[in-house]
Amino acid sequence: VMIENDSLFNYLIWARNNYLSIELNNIDFGLFTSLSFDLTVTSLFLPIICGGSLKITNSIDDISSLLLYYFNSNISCIKLTPSHISILGSLGIKSSATELVIVGGEELRKDHITILKKINPSIKIHNEYGPTETTIGCTTYEVQSSEDKMLIGRPISNTQIHILNDSNMLLPKGVAGEICISGDGLARGYLNRPELTREKFVPHPFTK
């Protein structure tokens, strides 16, 4: 997927203003997921543009050990998947200094929120949704408790979401359809895949 610099800039500035607007003890992220995973981009660049720090863990394959290290350290922020949270639930962590969790990549469930709140009742949890083609994340929702609905929230800055049918017509509230995304985060297309690019990156039906 060919991501423009401007698209990354749009996401990072929004993420800085949205996720880091609260008072944190520090703005520290840890690098523990693959560089080929777009989720990692948040952890890699966000602390750099905010005067924070990026702590690089040892290269080991045991994700349980990495998560134990992370949540038992003084690192305050983390970007991870619901699968990581499920592993956390089996590690017996009683408390943590982690203050901010950004979740993406998979469906967030109520049991995931319960696990995080058990580790730190005051932890801030943001459910971030977005395919790679829209630069990491394009909507977000702050989950307050496991009693909340697990929503994907509202679009980030300079992003528009429409729910359309097979004929690219807008659907009313409550009717299932396809999530179609436009805005500054949209990628240029697929590398060396012009036919697939034309199929998926269609002209906006509601702008001239």
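Each 5 Å bin from 0 upward holds the following percent of the Cα-Cα pairs of segment 137-208: 3, 13, 19, 21, 20, 12, 6, 4, 1, 0. For mean projected area of the Cα convex hull in nm², one of (i) 11.7; (ii) 12.9; (iii) 23.6 was computed from the structure I shared and the rest are decoys. Which label? Given (i) 11.7; (ii) 12.9; (iii) 23.6, the structure-derived one carries the label (ii). Under 19 Å from the 7 Å Cα→Cβ point of D111, by amide nitrogen: which residues of segment 139-162? Backbone N within reach: 145-151. The lysines within cross-link reach of K110, meaning a Cα-to-Cα straight distance under 22 Å and a gap of 8 or more places when in the same chain, are K79, K94, K118, K124, K149. Apolar share of the accessible surface for the chain: 51 percent from carbon plus sulfur atoms, 1.4 Å probe. The residues of the chain expose on average 56 square angstrom of accessible surface per residue, using a 1.4 Å probe on protein heavy atoms. Rounded to the nearest 20 debye, the dipole size of the chain about its Cα centre is 280 debye, using +1 on the Cβ of Lys and Arg and -1 on the Cβ of Asp and Glu.
The values are calculated or read from the model by the stated rules, or taken from the named source; none is laboratory data. Every value quoted in this text rests on a predicted model; they were computed, and no experiment measured them. Please note: Cβ atoms are built from the backbone with ideal geometry, for glycine as well, and neighbour counts cover all protein chains shown. In case anyone asks, the SASA skips ligands and DNA or RNA and just uses the protein heavy atoms, side chains included. Shrake-Rupley method; radii C 1.70, N 1.55, O 1.52, S 1.80 Å.
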